[in-house]
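Here's the structure we're looking at; comments come further down.
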Amino acid sequence: MRIGIPKEIKNNEYRVALTPDAVAELVRQGHTLAVQCGAGEGAGFSDSDYTQAGAQGLPDAQSVYQFAELVIKVKEPQPEEYALIRADHTLFCFLHLAANPALEDFLNTQGTRYIPFEQVRDAQGGLPLLAPMSEIAGRLAIQAGAHWLERAQGGAGILLGGIPGVEPGKVLIIGAGNVGSQAALMAVGMGARVVVLDRNRAALQRIQSLLGFRVETALASAEVIRRHLPDADLVVGAVLIPGKAAPKVISRADLDLLRPGRVLVDVAIDEGGCFETSRPTTHADPVFAVEGRLHYCVANMPGVVPQTASRALSAMVVRYLPEVLDRG
């Protein structure tokens, strides 16, 4: 199989779909690979790392797409990449089509085969390619929220962990999956008061067994969410319905319950966002305010830690790629 790895062009996206180690493994399996020059630089991998692993270096994206039968990348193709995609390509990457119907229409009209990372399931029904990115995003959500709560950034000026004699900030996490559990782990580690809501009692039990009574849990409903908003300092939206747009769990009217200077981090923004007031942002311009409440809605959060994220994603891509190839 001819496999092409283009350089990511989404705003501040520094990840690469395959590391040199992964390339070497695929070459040993008999595949031929081409990597666009500079594709791995943002994640700490040089062009020579890839050529030493057995890949061919190509100067631009057009050359990579012309070479490839299978295109493996991280993020969904950007509009300027559409002209490079052929009907005989197979595209293997994050696509988030529920929030991007124009891309789905294009791929279907073009006749291009595509396999979204976020819909690959393992034997247990898990999402092995999405899971490591969700875990990273969950941890980053707390780091980002803590930063934007600083007064100099426009926040209320709250230290999430507090200090002796001053109570900690409250973190409200909606969703107890991979994102929510990792966000809770980070927030507890900072010393914050942490509340996790989910409709799935088993998911709440898993978090409670992991973190004990350092985290509060409750079954989610609109009424329960509204009850927790008035004293929340950081709200993390971590709701995922695989293959579907994220439900709106906080309405525009609900936002008024949150005090000014507080921060909302919408990790579900790739799937359309789970706050009614959310809209996609970038690492270059990550936040916007709605009546004094800061929204952090970066659509490729793990892209800011590309070395960690690329190694984690690449390992899972190589693990599940044989099944993709076996199915033609």
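The values are calculated or read from the model by the stated rules, or taken from the named source; none is laboratory data. Model, not experiment: these values are computed from the prediction. Cβ placement follows ideal geometry from the backbone for every residue including glycine, while neighbour counts extend to all protein chains displayed.
In region 301-312, the residues that are at positive phi never reach a residue that is at pLDDT 95 or above and surrounded by 24 or more Cβ atoms within 10 Å (Cβ to Cβ) with C-beta atoms less than 8 angstrom apart, at least six apart or across chains.
From the list ALA192, ALA187, ALA218, the lone residue that is within 25 Å of LEU149 (Cβ to Cβ), of a type in the set (A, V, I, L, M) and surrounded by fewer than 16 Cβ atoms within 10 Å (Cβ to Cβ) is ALA218. In region 1-26, the residue that is farthest from SER63 (Cα to Cα) out of those that are in a helix (DSSP H, G or I) and in contact with a Leu (Cβ under 7 Å, 6 or more places away or on another chain) is LEU26. Of note, VAL179 does not satisfy the criterion of being surrounded by 21 or more Cβ atoms within 10 Å (Cβ to Cβ) and not in a helix (DSSP H, G or I). When the criteria are applied in full, ARG319 fails the requirement of being closer than 29 Å to GLY154 by Cβ and of a type in the set (D, E, K, R).
When TYR114, TYR65 are screened for being more than 30 Å from GLY189 (Cα to Cα), part of a helix (DSSP H, G or I), touching a residue at least 12 places away in the same chain (Cβ under 8 Å) and touching a helix residue (DSSP H, G or I) at 6+ places or on another chain (Cβ under 6 Å), only TYR65 passes.
Note on region 160-171: residues that are assigned to a loop (DSSP other than H, G, I, E, B) and surrounded by fewer than 21 Cβ atoms within 10 Å (Cβ to Cβ) amount to 6. When restricted to residues that are surrounded by 15 or more Cβ atoms within 10 Å (Cβ to Cβ) and either hydrophobic (A, V, I, L, M, F, W, C) or more than 28 Å from GLU271 (Cα to Cα) (or both), region 57-79 contains 11. Looking at region 137-152, can you tell me whether even one residue there is of a type in the set (Lys, Arg) and either assigned by TED's automatic domain parsing to the domain that holds LEU313 or touching a strand residue (DSSP E or B) at 6+ places or on another chain (Cβ under 6 Å) (or both)? Scanning region 137-152, I find no residue that is of a type in the set (Lys, Arg) and either assigned by TED's automatic domain parsing to the domain that holds LEU313 or touching a strand residue (DSSP E or B) at 6+ places or on another chain (Cβ under 6 Å) (or both), so the answer is no. Residues in region 119-159 that are of a type in the set (D, E, K, R), modelled with pLDDT of 95 or more and not in a helix (DSSP H, G or I): GLU150 alone. For beta carbons closer than 7 Å, sequence separation of 6+ or different chains, a first residue in region 81-92 that is part of a helix (DSSP H, G or I) and a second that is buried (at least 17 other Cβ atoms within 10 Å of the Cβ) and modelled with pLDDT of 95 or more, the qualifying pairs are GLU81/ALA61; LEU84/ALA61; LEU84/TYR65. Residues considered: ALA232, ALA187, ALA220. Of these, the only one that is under 24 Å from GLY125 (Cβ atoms) and either in contact (Cβ under 8 Å) with a residue 40 or more places away in the chain or in contact with a helix residue (DSSP H, G or I) (Cβ under 6 Å, 6 or more places away or on another chain) (or both) is ALA220. Applying the criterion of being of a type in the set (S, T, N, Q) and surrounded by fewer than 24 Cβ atoms within 10 Å (Cβ to Cβ) to the residues of region 268-313, the residue that is farthest from GLY145 (Cα to Cα) is GLN307.
What do you reckon, is PHE106 assigned to a helix (DSSP H, G or I), surrounded by 14 or more Cβ atoms within 10 Å (Cβ to Cβ) and not assigned by TED's automatic domain parsing to the domain that holds ALA184? Answer is yes for this residue.
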